[in-house]
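The values are calculated or read from the model by the stated rules, or taken from the named source; none is laboratory data. These numbers come from a predicted model, not from an experiment. So basically every Cβ, Gly included, is an ideal-geometry build from the backbone, and we count neighbours across all protein chains shown.
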């Protein structure tokens, strides 16, 4: 009963299209990264969008008008999200940290497509993974009702729900737990859970999935794994596929520091040892979902030759942004900052893997990018030991 009340409260929206459009258009004029270089385009697209925005009778209609306008801009980091979108809660967490608004989750991230809600990410150790969902599945129903990533889940928090989904031509069913989470915990807990040690050809290979680079908690999670569970491994695989960006500063530090073991002996209190850096072979896995800060990170790893990049290519989505609230019911994401590295824009200019793998996941669910990364890790270990 409590969850239903909270859901009703959260979904209540004081929607005024004129007020919303004033906020949205004003922020875009003020903050859009190309407002000086492309002023005519900016004014034209806002002018074209205004009639449909002002005519919106509901928040959903306004959202549709915004999506249509944003698509015409052709920039990354440009979106409009209401409380029906998972992204709303991610942005709320960027502003408020772990105090961000809670939302229901099954441990997967979805994208609305013409066919329905397609699974874009299955989080490590989450309920979707346990239910057998895979990236690319299309979830259609939950408890015999139409599925949406947020709205359809509120009444099922704390319960086991029946879901139906399509995988190619097959219609499948499973049971999944629905839990309440925040935008930060949604990615942080799977990031922490991802760290594991894999064995290939008698070698120990560390694996870590970095879902976002949004704050220091994610960097700390990576460092704790590098200097803890992974300290005695022969190579490291850092998976930066999918997820979201943030700021890349500091995430590469453990892999560039000289490898040395520091020893601290305290009188009568024992000895503590600490690894200062990790210099063994490093493989970074990328795909078309690696975006923003992860692309800058991948570029630096490739240029420095510190890591071998395995997979496909990054998204080419590299513009700076920040959450812009629209009342208490929506967020506007605006591309605010152009980003260059070595004088080169990565926007629409993705980083390409050193070792390209044509298919990411096969029909049996096998992760071919990871398998290729493991193979290359063993290869690099061999080279380093010659």
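Here are a few things to note about the model shown:
- Region 50-67 residues that are within 13 Å of residue 16 (Cα to Cα) and not assigned by TED's automatic domain parsing to the domain that holds residue 29, paired with ones that are surrounded by 21 or more Cβ atoms within 10 Å (Cβ to Cβ) and at pLDDT 95 or above (beta carbon under 9 Å, 6 or more apart): none
- Total residues in region 137-188, condition out of contact with any strand residue (DSSP E or B) (no Cβ under 8 Å at 6 or more places or on another chain) and either without any contact (Cβ under 8 Å) to a residue 12 or more places away in the chain or at positive phi (or both): 4
- Criterion: part of a loop (DSSP other than H, G, I, E, B) and in the same structural domain as residue 292 (by TED's automatic domain parsing) - qualifying residue of 372, 363: 363
- Filtering region 61-85 to residues that are surrounded by fewer than 21 Cβ atoms within 10 Å (Cβ to Cβ) and in a helix (DSSP H, G or I) leaves 61, 63, 64, 67, 68, 70, 71, 72, 73.
- Restricting attention to region 335-345 and to residues that are in contact with a strand residue (DSSP E or B) (Cβ under 8 Å, 6 or more places away or on another chain) and outside any strand (DSSP E or B), the residue that is farthest from residue 292 (Cα to Cα) turns out to be 336.
- Here the condition is being free of Cβ contacts under 8 Å to residues at least 24 places away in the same chain, touching a strand residue (DSSP E or B) at 6+ places or on another chain (Cβ under 9 Å) and on the phi < 0 side of the Ramachandran plot; of 368, 332, it holds for 368 alone.
- Some residue of region 124-131 being within 19 Å of the chain's Cα centre (by Cα), crowded, with 16+ Cβ neighbours inside 10 Å and assigned to a loop (DSSP other than H, G, I, E, B): yes
- Positions within region 340-366 being surrounded by 17 or more Cβ atoms within 10 Å (Cβ to Cβ) and more than 18 Å from residue 308 (Cα to Cα), in sequence order: 346, 347
- Residue in region 30-40 that is surrounded by the fewest Cβ atoms within 10 Å (Cβ to Cβ), counting only those that are within 30 Å of the chain's Cα centre (by Cα) and assigned to a helix (DSSP H, G or I): 30
- The conditions of being assigned to a helix (DSSP H, G or I), surrounded by 14 or more Cβ atoms within 10 Å (Cβ to Cβ) and out of contact with any helix residue (DSSP H, G or I) (no Cβ under 6 Å at 6 or more places or on another chain) are not met by residue 236.
- Taken as a whole, the structure places residue 97 among residues that are assigned to a helix (DSSP H, G or I), on the phi > 0 side of the Ramachandran plot and not assigned by TED's automatic domain parsing to the domain that holds residue 168.
For every residue, the table says whether it meets (1) in contact (Cβ under 8 Å) with a residue 60 or more places away in the chain; (2) touching a helix residue (DSSP H, G or I) at 6+ places or on another chain (Cβ under 8 Å); (3) within 21 Å of residue 383 (Cα to Cα).
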{"position": "242", "(1), (2), (3)": "yes, no, no"}
{"position": "246", "(1), (2), (3)": "no, yes, no"}
{"position": "252", "(1), (2), (3)": "no, yes, no"}
{"position": "264", "(1), (2), (3)": "no, no, no"}
{"position": "274", "(1), (2), (3)": "no, yes, no"}
{"position": "286", "(1), (2), (3)": "yes, yes, no"}
{"position": "296", "(1), (2), (3)": "no, no, no"}
{"position": "307", "(1), (2), (3)": "yes, yes, yes"}
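- Strands (runs of 3 or more DSSP E) contained in region 250-324 and holding at least 3 residues more than 22 Å from residue 216 (Cβ to Cβ) and modelled with pLDDT of 95 or more: 282-286, 308-311
- Within the span defined as region 192-201, one or more residues are in contact (Cβ under 8 Å) with a residue 60 or more places away in the chain, over 29 Å from residue 106 (Cα atoms) and in a strand (DSSP E or B).
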